[in-house]
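The values are calculated or read from the model by the stated rules, or taken from the named source; none is laboratory data. Since the model is a prediction, treat every value here as computed from it, not as a measurement. With ideal geometry, Cβ positions are generated from the backbone for all residues, glycine too; neighbour counts draw on all protein chains shown. Please note that ligands, DNA and RNA were not included when accessible areas were found on the heavy atoms of the full protein model with its side chains. Shrake-Rupley method; radii C 1.70, N 1.55, O 1.52, S 1.80 Å.
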Amino acid sequence: MTSTPSTQVVPQGLAIPLLGLGTWKLTGSACEPVVETALDLGYRHIDTAEAYGNEEPIGRVVATACLDCGELFITSKVGRDHLLSPDVREACRQSLDRLGMGFLDLYLVHWPNRAIPIAETLGALEGLREEGLIRAWGVSNFTPAHLHEVMEVGSPATNQVEVHPYFQQRELETACREFGIPMSAYRPLDQGRVADDPVLTEVGRRHGRSAVQVALRWLTQRGCVVLPKSSARERLQENLNIFDFDLTGEEMERISAVDRGRRTLEPSWAEFDRTE
């Protein structure tokens, strides 16, 4: 059996751990112990954003962790209201200050904003990369139409979007493959709803795994980085143990058939309607 490797080399020459810790809504006193537990279990990819309000507690944990800086992979994101060139630079510096770090491994445009030329934003990101403040840049919540515009300027390291067995984003997946852009999955478990899915549960029985592990494995075998969020130690461990088994082609197809086309995160200002 040949299992999917635990990292993926992406455009801009970066190796991203395929499993990371999602931290949206993980704030205040609840944040630090979860990040500490995750690092203790072996997580090395932490996903945050300026909008999450948790860069400071994450930075405190990282500062006290007995890890070499090269062992960790930290992703943060610039908000859609900070996409003018000087604002991108300032937002990045503020994120670095809050995290207490000299550079970010990956810096994403959190949401597209057509009021600001994408070439200006990506030019600023490339400037940050040349200065060594970020190792790579990418995008998040970008549709195929947005990606066409992005690719006229440069190739992002990833497109981080909502994707899970109930919302499989096939059109977007096709566009990402066409452009050579790996996808990263937030809400990969549909906020826990996949845990009781009968198809995933039955597939899991064949491998001695849970429906949650099957969902994450299905995504990583599709080439997605997965960013599940959990606060419980046993769940964090469960999510981590997905790289020592493989789903068959038939099992992958069965899971593909459970798609409901249901997006769960759609802010009023999102630009999804341009391609849907």
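Looking only at the range 28-54, which residues are out of contact with any strand residue (DSSP E or B) (no Cβ under 8 Å at 6 or more places or on another chain), within 23 Å of Ala91 (Cα to Cα) and assigned to a helix (DSSP H, G or I)?
If the condition is that a residue be out of contact with any strand residue (DSSP E or B) (no Cβ under 8 Å at 6 or more places or on another chain), within 23 Å of Ala91 (Cα to Cα) and assigned to a helix (DSSP H, G or I), then Gly28, Cys31, Glu32, Tyr52 are the ones that fit.
Out of the range 100-146, which residues are in contact with a Ser or Thr (Cβ under 7 Å, 6 or more places away or on another chain) and of a type in the set (A, V, I, L, M)?
Leu104, Leu106, Leu108, Val109, Ala124, Ala145 - these are the residues of the range 100-146 that are in contact with a Ser or Thr (Cβ under 7 Å, 6 or more places away or on another chain) and of a type in the set (A, V, I, L, M).
Here's the yes/no breakdown for (1) of a type in the set (Val, Ile, Thr); (2) out of contact with any Lys or Arg (no Cβ under 9 Å at 6 or more places or on another chain); (3) within 25 Å of Thr37 (Cβ to Cβ):
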site	(1), (2), (3)
Thr201	yes, yes, no
Arg209	no, no, yes
Cys224	no, yes, yes
Glu251	no, no, no
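Taking the range 210-244, which residues are within 18 Å of Val163 (Cα to Cα), outside any loop (DSSP other than H, G, I, E, B) and open to solvent by 40 Å² or more (accessible area, probe 1.4 Å)?
Gln221
List the number of the failed condition for Arg93; all other conditions in (1) in a strand (DSSP E or B); (2) over 20 Å from the mean Cα position of the chain (by Cα) hold.
For Arg93, the failing item is (1).
Among (1) among the hydrophobic types (A, V, I, L, M, F, W, C); (2) touching a His at 6+ places or on another chain (Cβ under 9 Å); (3) open to solvent by 10 Å² or more (accessible area, probe 1.4 Å), which single condition is Leu265 missing?
For Leu265, the failing item is (2).
Which members of the range 141-160 meet the condition of being touching a Phe, Trp or Tyr at 6+ places or on another chain (Cβ under 7 Å) and closer than 17 Å to Val88 by Cα?
Residues satisfying the conditions are Val150, Pro156.
Could you list, in sequence order, the residues of the range 171-189 that are surrounded by 22 or more Cβ atoms within 10 Å (Cβ to Cβ) and β-branched (Val, Ile, Thr)?
Ile181
Could you go through the range 113-122 and let me know if any residue there is open to solvent by less than 20 Å² (accessible area, probe 1.4 Å) and touching a Lys or Arg at 6+ places or on another chain (Cβ under 9 Å).
No, the range 113-122 contains no residue that is open to solvent by less than 20 Å² (accessible area, probe 1.4 Å) and touching a Lys or Arg at 6+ places or on another chain (Cβ under 9 Å).
How about the range 34-54: which of its residues are over 25 Å from Phe243 (Cα atoms) and open to solvent by 50 Å² or more (accessible area, probe 1.4 Å)?
Ala51, Gly53
Looking at Leu265, Leu247, can you tell me which residue is assigned to a loop (DSSP other than H, G, I, E, B) and over 29 Å from Leu106 (Cα atoms)?
Matching residue, one of Leu265, Leu247: Leu247.
Just a yes or no: is a residue in the range 157-170 over 30 Å from Asp197 (Cα atoms) and open to solvent by less than 10 Å² (accessible area, probe 1.4 Å)? Let's see the steps before the verdict.
The initial filter retains those residues of the range 157-170 that are over 30 Å from Asp197 (Cα atoms), namely 157.
Next, from what is left, pick out any that are open to solvent by less than 10 Å² (accessible area, probe 1.4 Å): 157.
Checking the range 157-170: at least one residue is over 30 Å from Asp197 (Cα atoms) and open to solvent by less than 10 Å² (accessible area, probe 1.4 Å).
Does the range 141-148 contain any residue that is closer than 30 Å to Val61 by Cα and crowded, with 22+ Cβ neighbours inside 10 Å?
Yes, because at least one residue in the range 141-148 is closer than 30 Å to Val61 by Cα and crowded, with 22+ Cβ neighbours inside 10 Å.
Please determine, by comparing only the residues of the range 55-78 that are in a loop (DSSP other than H, G, I, E, B) and touching a helix residue (DSSP H, G or I) at 6+ places or on another chain (Cβ under 8 Å), which one is surrounded by the fewest Cβ atoms within 10 Å (Cβ to Cβ).
The qualifying residue surrounded by the fewest Cβ atoms within 10 Å (Cβ to Cβ) is Leu67.
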